[in-house]
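K.L.:
Could you have a look at this structure, given as structure tokens, before my questions?
The values are calculated or read from the model by the stated rules, or taken from the named source; none is laboratory data. Keep in mind it's a predicted model, so treat the numbers as computed, not measured. Using ideal geometry, Cβ is built from the backbone for each residue, glycine included, and neighbour counts are taken over all protein chains shown. Quick note on the areas: whole protein, heavy atoms, side chains included, nothing else; ligands and nucleic acids left out. Shrake-Rupley method; radii C 1.70, N 1.55, O 1.52, S 1.80 Å.
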Amino acid sequence: MGENVKVIVRCRPMNRKEIDKKSDSIVEIGDYAVSVVNPLARSAPRKSFTFDSVYNGLSKTETIYNDMCYSLVESTLEGYNGTIFAYGQTGCGKTHTMQGEGYSDAAENNGIIQRCFDHIFETISIATSVRYLALVSYLEIYNENIRDLLSANEPNSFKNHPLKDVPGVGVTVPTLTTQAVMNAMDCYNWLSVGNKNRITGATLMNEKSSRSHTIFTISLEQIQESAAAPPNLSSDQTIGNIRRGKLNLVDLAGSERQSKTGAFGDRLKEATKINLSLSALGNVISALVDSKTKHVPYRDSKLTRLLQDSLGGNTKTLMVACISPADSNYDETLSTLRYACRAKNISNVPTINEDPKDAQLRQYQEEILNLKRMLDESQQHESAVHYKFVEDNNKERERELWLEEAKSQMRQQMIAEMRNLKETTAEAANPKTEHSEQAVPQEQEDFQLHARKRIDLIKHSLIGGERVDDLQLRERHRMRKLEAKRHLSAIARALGRVESEDRDLLQGHYASIQQEINIKNERIKKCSQKIKMLEREVADLNSEFQLDREDYLDEIRYLGIQNKYWRIRFGMMISKPGNYPKTLKIT
Ligand code: ADP
Ligand code: MG
């Protein structure tokens, strides 16, 4: 069944700088709507946008998680794909929402990502009939290059990992490191390893802000466990019925215009590329919600290719749009709200992923069977060497007896000769133990040890049901799940009510002609207000389009300057007399 991308808005509190500047708050947060006042025309009607939920500066990430993320993450444990992404201007709380406050160890400061870790492993630990294999990966898109944040070799390398479109699987990054994780702590560790490998840069707007997009992915493969046949990776029979849910946790770079960040030089180049990814994302969103557009330009950027399944595909998606309350950010706030509002109309078709072609569990099963086969061969070889050793020893014994007899005969005949012979037979009677050293070569032993360890490791990476007897935990989990479901139903009812009020008005039954006139007059008033609002919106969009145009022109100018610079530098310029020096010094 299709479902729309869920979109929520989180407005952060005023920050120190805004308070010091005595900024006004221009954002009003209702239950499901955000309205914004134009600071340059305060008497003009507010612009209002409706979302699945909206959160003010006092709202906690815990509340947002329980309301909007809990059910989505539960679904990934059932085999659905899920994506949670934060969008918005730099400094508006994307990283705060996704990753919490890095400096603090307190659980209350955790972001959505850490809460996902705790939640996932709690659910796995009380699973009754399912065993899971959990794998994580962490990538960064920086200047349209994909970097592997979990690779040991990556911190100093700028390797660009290629994307691959695998039919039936989707867009993947095959060379990305994936790490098997057994508990939430493993995930916390990998997240912090990855964060240390991120490229960060300071801008005027937010010193610590990252100028890149990141995607942390948790893949959850599961197999059913039955009493008769527990999941057995080392059995010759292919393990059946694998399901896989994938959870993408995305922290996007700032969506602001480059001019506002005071960026220039390399940073301008970054900003344009980052905006390129974000405008590609915007174009994908627009194409998806415009019924007339047939082509969705997923291929325009790395980000849109990687999020292809999350937008208009087989995924349950939640977008958290982060905004600032301050009047100085009016343009960006409005732009974020418009962007988010468009995303609300994207329809996805999430389905449980049954038997994915590239399931790691199957690859693990194959690996175990191969290792077992090699171990068997190695052991056979070892016993063959041992048998040969015994055989060789028997031959030595026969030879010894024969020599003993020869010795006694010779003793009587020639004492001198016998003495010589005795020396020879003494050597033969004490064979050197070279054979036993050769019996089990060290390499063989090392291989067997390594293979057994690897088999154990793979078998133990299957997790689930460790705390199934903890009834309190099971009850707490059941209640949270129920509460999350109730919350989503309440949203659906509330948003449905707005529509049904409109419907009632259209099909209204009137007690008298006067009542009909009053109601219809009221409706005309509302409609003309709406028309005025839409006309203003068109004018705003036009001016926004104008700003976009200027951004693109800036980019073209910048690329033109770069182009000239490189041509001069490499002496490839076909110079016109007088314009450029005839001989160019190449430095
Ligand atoms: P972004 O990732 O969007 O650039 P950050 O998450 O880094 O922004 O937030 C910028 C600053 O604002 C940080 O110091 C963060 O702690 C603070 N902040 C953001 N959102 C909130 C919030 N909802 N409540 C309290 N502080 C917040
Ligand atoms: Mg950030």
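K.L.:
Given the pairs Lys47/Lys294; Lys164/Lys316; Lys294/Lys530; Lys372/Lys459; Lys6/Lys47; Lys47/Lys526, which are separated by over 24 angstrom at their Cα positions? Please report the intermediate quantities before stating the final value.
P.N.:
Working: Lys47/Lys294 30 Å; Lys164/Lys316 22 Å; Lys294/Lys530 29 Å; Lys372/Lys459 13 Å; Lys6/Lys47 21 Å; Lys47/Lys526 14 Å.
Beyond 24 Å: Lys47/Lys294; Lys294/Lys530.
K.L.:
Count neighbours as other Cβ atoms within 10 Å of each site's Cβ, and list the chymotrypsin sites (Phe, Trp or Tyr not before Pro) in the range 89-186 that are DSSP loop with at most 16 such neighbours. Before the final figure, lay out each step's value.
P.N.:
Values: sites: Tyr103, Phe117, Phe121, Tyr132, Tyr138, Tyr142, Phe158; in loops: Tyr103, Phe158.
Counting only loop positions with at most 16 other Cβ atoms within 10 Å, the chymotrypsin sites (Phe, Trp or Tyr not before Pro) in the range 89-186 are Tyr103, Phe158.
K.L.:
Further question: Quickly rank 468-478, 368-378, 72-82 as a protection proxy: mean count of other C-beta atoms within 10 Å, highest first. Numbers along the way, then the final one.
P.N.:
Details: 468-478: 12.4, 368-378: 14.1, 72-82: 22.4.
Put in order of decreasing packing, that is 72-82, 368-378, 468-478.
K.L.:
Mind giving me the FRET efficiency for Glu144 and Glu62? R0 is 22 Å, r the Cβ-Cβ distance, nearest 0.05 is fine. Could you put the intermediate results ahead of the total?
P.N.:
Values: r = 35 Å, r/R0 = 1.61.
That pair, Glu144 with Glu62, gives E of 0.05.
K.L.:
So how much slack lies between Ile524 and Val169, counting 0.36 nm per residue of separation and subtracting their Cα-Cα distance, in nm?
P.N.:
On the way: separation 355, 0.36 × 355 = 127.80 nm, distance 5.17 nm.
This chain segment gains 122.6 nm when fully extended.
K.L.:
Starting from the range 45-147, pick out the trypsin sites (Lys or Arg not before Pro) whose DSSP state is loop and whose Cβ has at most 13 other Cβ atoms within 10 Å.
P.N.:
Numbers: sites: Arg46, Lys47, Lys60, Lys94, Arg115, Arg131, Arg147; in loops: Arg46, Lys60.
Listed in order of number, the matching sites are Lys60.
K.L.:
Follow-up. Could you work out how much longer the chain between Arg454 and Arg478 gets when fully extended? Use 0.36 nm per residue separation minus the Cα distance between them, nm to one decimal.
P.N.:
5.0 nm
K.L.:
Continuing with this model, one more query. When all protein chains stay in place, what accessible area (Å², nearest 10, 1.4 Å probe) is found for Tyr565?
P.N.:
110 Å²
K.L.:
Given the whole protein assembly as supplied and a 1.4 Å probe, what does the accessible area of Asp24 come to in Å², nearest 10?
P.N.:
Around 70 Å² of this residue is reachable by solvent.
K.L.:
If you don't mind, there's one more thing I want to ask. Going through the range 280-368, which GluC sites (Glu not before Pro) have at most 10 other Cβ atoms within 10 Å and a DSSP loop state?
P.N.:
Values: sites: Glu332, Glu354, Glu366, Glu367; in loops: none.
Taking the range 280-368 and a limit of 10 other Cβ atoms within 10 Å, no loop GluC sites (Glu not before Pro) are found.
K.L.:
If you don't mind, another one. Taking 0.36 nm per residue of sequence separation and subtracting the Cα-Cα distance, how much length would be gained by fully extending the chain between Arg46 and Glu377, in nm to one decimal?
P.N.:
On the way: separation 331, 0.36 × 331 = 119.16 nm, distance 7.75 nm.
Contour length minus the Cα-Cα distance gives 111.4 nm.
K.L.:
Got the relative contact order for the range 1-81 handy, in percent, Cα pairs under 8 Å and 6 or more residues apart? Walk me through the intermediate numbers first.
P.N.:
Values: 78 pairs, mean separation 25.2, N = 81.
Rounded, it is 31 percent for the range 1-81.
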